[in-house]
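The values are calculated or read from the model by the stated rules, or taken from the named source; none is laboratory data. This one's a predicted model, so the numbers in the text were calculated from it and none came from an experiment. FYI the Cβ positions are ideal-geometry reconstructions off the backbone, even for glycines, and counts take in every protein chain you see. Only protein heavy atoms, including side chains, enter the accessible area calculation; ligands, DNA and RNA are left aside. Shrake-Rupley method; radii C 1.70, N 1.55, O 1.52, S 1.80 Å.
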Amino acid sequence: MILAVDIGNTNIVVGCVRGDEICFVERLSTVSTRTELEYAISFKSIMELHDVSIAELDGGIISSVVPPVTNVVRRSMEKILNREVMVIGPGVKTGLNILMDDPRQVGSDRIVNAVAVINEYPVPAAIIDMGTATTICVVDAKKNYIGGAIIPGMRISADTLTARTAQLPKISLEAPTRLIGKNTVDCMKSGVFYGNVALIDGMLDRMEEELGEKLTVVATGGLARTLIPYCRREIILDDALLLKGLKIIYEKNQSTPDGSVGR
């Protein structure tokens, strides 16, 4: 069993993977001022909540898009596991061919999601990750990562709308009772919520048009379960996608009995 952690700008996804089984998926707030001890206590508490013993863990792996937090979390995991923890980055085998102008600029979370998708779903495919930003990434029929789009997330959109206007209140990110709002709050909810729904449907249509092929679409991330059911497109929800990708990458980098590294 491995402890897999993905550090995002808003949330840290934490899970344990045993073989092909995802034992649990939980989220913590990403807080740059937390110490390694505080993170270690949080990870231990989550595992205890799910009846997972530290003695069962064989190792750990991290993907991160928040460099100031990465080493703190790594040290906290090493404190728990008493062994070195793998961090997605240069020198780590992913098995993914990245066809970008500068592959180093691709966020580790997008790489991990793509690795999971090419191993579990039909390609070509689009991967939607709804967090602080909404990313849509595309892998082609040959399982190459070919690019995508980065879009302001729903919460950023809502907060910016409130911050830049004098009379608009903060709103919750949930579907309004009707598309055509009858009051200011419902009008804002409609614009932010259904605007993002239409954006995702429209972006996928245009990506398929540019690619010239039908896409398998997989969605993950903290806001996906709230919004994706309202899309008109057929979209697969996979809350454990990141953990699946981390597990695959972890196994690719383990030494085999003959001393070689897994492919």
Search result, residues across the range 109-121 that are charged (D, E, K, R) and open to solvent by 60 Å² or more (accessible area, probe 1.4 Å): Glu120
Conditions: (1) over 19 Å from Val112 (Cα atoms); (2) open to solvent by 70 Å² or more (accessible area, probe 1.4 Å); (3) out of contact with any Leu (no Cβ under 7 Å at 6 or more places or on another chain). Glu251 meets all but one. Number of the miss? (1)
Does the range 204-238 hold any residues that are touching a helix residue (DSSP H, G or I) at 6+ places or on another chain (Cβ under 7 Å) and closer than 30 Å to Gly59 by Cα, and which are they? Val218, Ala219, Thr220, Leu223, Leu237
Here is a check on your reading of the model: is Val106 without any contact (Cβ under 8 Å) to a residue 40 or more places away in the chain and either open to solvent by 80 Å² or more (accessible area, probe 1.4 Å) or under 16 Å from the mean Cα position of the chain (by Cα) (or both)? yes
Find all pairs meeting these conditions: Cβ atoms under 6 angstrom apart; at least six residues apart or on different chains; first residue within the range 190-201 and without any contact (Cβ under 8 Å) to a residue 24 or more places away in the chain; second residue surrounded by 18 or more Cβ atoms within 10 Å (Cβ to Cβ) and outside any helix (DSSP H, G or I). Ser190/Pro176
Collect the residues in the range 44-77 that are closer than 19 Å to Lys247 by Cβ and acidic (Asp, Glu), keeping them in residue-number order. Glu56, Asp58
Under 6 Å by Cβ, and 6 or more places apart or on different chains, what pairs join a residue from the range 209-226 that is closer than 23 Å to Val25 by Cα with one that is open to solvent by less than 10 Å² (accessible area, probe 1.4 Å) and part of a strand (DSSP E or B)? Val217/Ala126; Val218/Ile127; Ala219/Ile128; Gly221/Met130; Leu223/Met130; Ala224/Met130
Suppose we filter the range 34-51 for residues that are under 15 Å from Phe24 (Cα atoms) and among the aliphatic types (A, V, I, L, M); how many remain? 3
So how many residues does the range 148-188 have that are open to solvent by less than 30 Å² (accessible area, probe 1.4 Å), assigned to a helix (DSSP H, G or I) and without any contact (Cβ under 8 Å) to a residue 60 or more places away in the chain? 3
Do the conditions hold for Arg225, that is, is it in contact with a strand residue (DSSP E or B) (Cβ under 9 Å, 6 or more places away or on another chain), open to solvent by 10 Å² or more (accessible area, probe 1.4 Å) and within 29 Å of Met86 (Cβ to Cβ)? yes
I need the full set of residues from the range 131-147 which are surrounded by fewer than 22 Cβ atoms within 10 Å (Cβ to Cβ) and either at pLDDT below 95 or in contact with a Phe, Trp or Tyr (Cβ under 7 Å, 6 or more places away or on another chain) (or both), in order please. Thr132, Ala133
